[in-house]
1. Can you spot the lysines whose alpha carbon is less than 26 Å from B:LYS129's alpha carbon? Ignore those fewer than 8 places along the same chain.
2. Hey, can you list the residues from the range B:195-232 whose accessible area shrinks by 30 Å² or more with all protein chains present, relative to the chain by itself (probe 1.4 Å, no ligands or nucleic acids)?
3. Express in Å², to the nearest 10, the accessible area of A:THR24 obtained by rolling a 1.4 Å probe over the protein heavy atoms while all chains stay in place.
4. Could you run the numbers on buried accessible area between A and B, total for both chains, 1.4 angstrom probe, in Å² to the nearest 100?
5. Over the heavy atoms of A:SER196, what accessible area does a 1.4 Å probe trace out, to the nearest 10 Å²?
6. With n ≥ 4 as the cut-off for DSSP H runs, can you work out [θ] at 222 nm for chain A, using -39500 (n - 2.57) per run divided by the number of residues, rounded to the nearest 500?
7. Using helices alone, what [θ] at 222 nm do you get for chain B, with -39,500 (n - 2.57) per DSSP H run of 4 or more residues, divided over all residues and rounded to the nearest 500?
8. With an 8 Å cut-off on Cα pairs and a minimum separation of 6 or more residues, tell me the relative contact order of chain B in percent.
Amino acid sequence: MTPLLEFRNVTKIYTKGLLSRAATTALDNVSLKIEDDQPTILTVAGESGSGKTTLAMLLLGFITPTRGQILYKGKDITKLRGEEKITFRREVQAVFQDPFAVFNPFYTVDHLLTVPIDKFKLARSKSEARDKMEEALRAVGLRPEDVLGRFPHQLSGGQRQRINVARALLLKPRLLVADEPVSMVDASLRATILESLRNLNREYGISIIYITHDLTTAYHVANSIIVLYRGSVMEAGSIDRVIREPQHPYTRLLIDSIPWPDINRKWGQTEIAAREQEHGSIETGCKFTSRCPFAMERCRQAPPPLYQVAPQQVAACYLYEQQPIVERERLSEMLPA
Amino acid sequence: MTNPSPVLRVIDLQVSYYTEAGRALALDRVSLELYPGEKLGMVGESGCGKSTMALAMMRMIKPPGRIEGGKVFVGDTELTALSEAQMRRARLSLISYIPQGAMNSLNPVLRIEAQMRDAIREHQPEMSKAEIQERIYQALESVELRRNVARMYPHELSGGMKQRVCIAIGILLSPKVIIADEPTSALDVVTQRQVMETLDRVQKQLGAAVILIGHDMGLMAQFVDKVAVMYAGKFTEISSVRDMFTNPLHPYARALIESLPTLENKGVFKGIPGLAPSLIRRPPGCAFHPRCAHAMEICKTVTPALERLPGERLVACHLYDREGNLTNAALRMAG
Ligand SMILES: Nc1ncnc2c1ncn2[C@@H]1O[C@H](COP(=O)(O)OP(=O)(O)OP(=O)(O)O)[C@@H](O)[C@H]1O
Ligand SMILES: Nc1ncnc2c1ncn2[C@@H]1O[C@H](COP(=O)(O)OP(=O)(O)OP(=O)(O)O)[C@@H](O)[C@H]1O
Ligand code: SF4
Ligand code: SF4
Ligand SMILES: [Mg+2]
Ligand SMILES: [Mg+2]
């Protein structure tokens, strides 16, 4: 069966403007599939600048890959035209990081929600439009009578982020890309929003790509995870395996740095070998070499392939070279739905 | 705490925003004490007034906002009694504020040292060039940045490094109180940890008190000594980090703690039902009463005061008497 979405060896290189010399490889040969019949929640994690937002922008067709292809239902998304393009625009929705940036301050919430309804002709009458709007707001735990008619600045950050989610839901997408959708809300609201995302996934069969720094919430909603480091996949697999038994030295550092809200679980048992680097250094081998406490001579020579370290877990690290190699194209087979 | 006198005292601070829809009471007679070396975490729902309180302490509230009452002392200096010119000097040297989203507001076309120099000149115009340069290097080194970062532009730095620069600016004049407003919410956990370790070290060096504002309860658990929970412009509870995480007393604080994800309760979500109250039409009595599972008759009319309970805890809730025991009304409720 044709996957809903497929990344085929996608690389994105930004060649910068006048100021800077170096080009940045923001995403480095990533292959990935989201199956249509197995709705899933996939987390993409990794440090700042590791390529997470780049992946989202590529997937939405906002930027084009430097190498490789992105297919939606088997068709290259850069070649979609007419009806197919409209379908793609409706079926793939995004919720972005900053709720303050998204909204035009002069339009009310009603306007924000009716525009997509009109644009994609989702309702035949005013009352049907109203029903749809209210349904979407309730799905994210908002009372329509509380928020309709208000302007963005009359809403809290958490309400705005939820309206963002509601807007995406209205369109009943097949795939939702959520880039840090709850970064600005407190723990209790986070729980409410993530639960509504998970319900969507279950009730409507919507696949979600959840991009986040917050591995605690990722652990609670997602089925699987991909850990990026400077554009490359370091580790991937079932979320339970990767969070509970991380294998790659970078993932271990990452997991060990999660500030758990538990005063008996001390932060950071692992020493942080090297500090964050300035941008732009180019290396031939494993990108984590300069920070890795286990780095060996060969790590500097060629990037490690993905090794299968458990049935649903791969790590790109020579420490596991006795394990079977998994071709990058087969990454998705290691991710449970 | 063995320290004799508090470094920060906030007494009945009150701020309103005058909006078209009416007066929004964003900070409702809030009081707070902090001792040298103490780290306080300030948490609470988005829009509850955390940044407003920080700005009010700095006397940086802008119209339509207005500070309507209260006093702020740093050591013996009453900030609220200073002239504008005196206050300008107090900022950065007595109390400094690292604003929410600071790292994205660094000027992209100015070198880091130019931005740091401007910050010093704004507050200490008579400082000599050589001394300014020395301060800049010192500040950069104390946040573990190399001196050559001074010559760089913001875009040449990673997110973590930019956040360090903002901390460096905040400590340029060795303040006694540092307020950091969500300093790491845009950073990954490894970088977060490094930045917090730096803040911790810098604070120890200066012997300053730190107020960390944020949503990340994990960060609070790992970093602060005391947690203050704010709701609708008032503190509901201020307790040691251990008491707050193991035995929160105020029902809102408890709901907040219970909503936290842990490794053990995978897939369990416990959000607090209902919405944050409007600051323009605050519910009478305890502002949390419409959402509180323990609300009693008295809660609907009488605003509970922040009382000192045994164990150095401050709690504003009608459930408890001054000994920290459940009141008769509360016991009757519980059946
Ligand atoms: N438009 C652009 N031009 C040049 N370089 C860019 C551009 N957008 C991103 N980059 C660079 O590409 C890399 C990946 O950036 P990206 O925004 O995808 O990271 P991210 O993982 O989303 O980070 P964060 O967690 O900070 O949001 C970074 O080094 C970034 O500086
Ligand atoms: N300039 C302004 N005009 C009108 N209302 C304002 C203004 N600034 C803040 N407010 C209101 O005052 C209240 C407190 O805002 P504040 O920024 O202090 O919240 P916060 O606790 O810092 O929230 P967050 O966690 O989202 O940063 C909010 O309800 C907000 O809408
Ligand atoms: S391949 Fe080498 S440098 Fe890279 S993570 Fe593994 S041990 Fe470390
Ligand atoms: S005062 Fe009453 S309503 Fe407020 S938190 Fe306590 S019990 Fe609940
Ligand atoms: Mg991003
Ligand atoms: Mg704030």
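1. Those lysines meeting the cut-off are B:LYS162, B:LYS176.
2. Hits at the 30 Å² cut-off: B:HIS215, B:GLY218, B:ALA221, B:GLN222.
3. Answer for A:THR24: close to 50 Å² accessible.
4. On the way: alone 16900 and 16390 Å², together 28550 Å².
The A and B chains share an interface burying roughly 4700 Å².
5. 10
6. After summing the helix terms and dividing by residue count, I get -9000 deg cm²/dmol.
7. So the helix-based figure for chain B works out to -9000 deg cm²/dmol.
8. Working: 607 pairs, mean separation 62.3, N = 335.
Relative contact order here is 19 percent.
The values are calculated or read from the model by the stated rules, or taken from the named source; none is laboratory data. Computed from a predicted model, the values in this text were never measured in an experiment. Glycine also receives a Cβ, built like all others from the backbone with ideal geometry; neighbour counts cover every protein chain displayed. Side chains included, ligands, DNA and RNA excluded: accessible areas come from the protein's heavy atoms. Shrake-Rupley method; radii C 1.70, N 1.55, O 1.52, S 1.80 Å.
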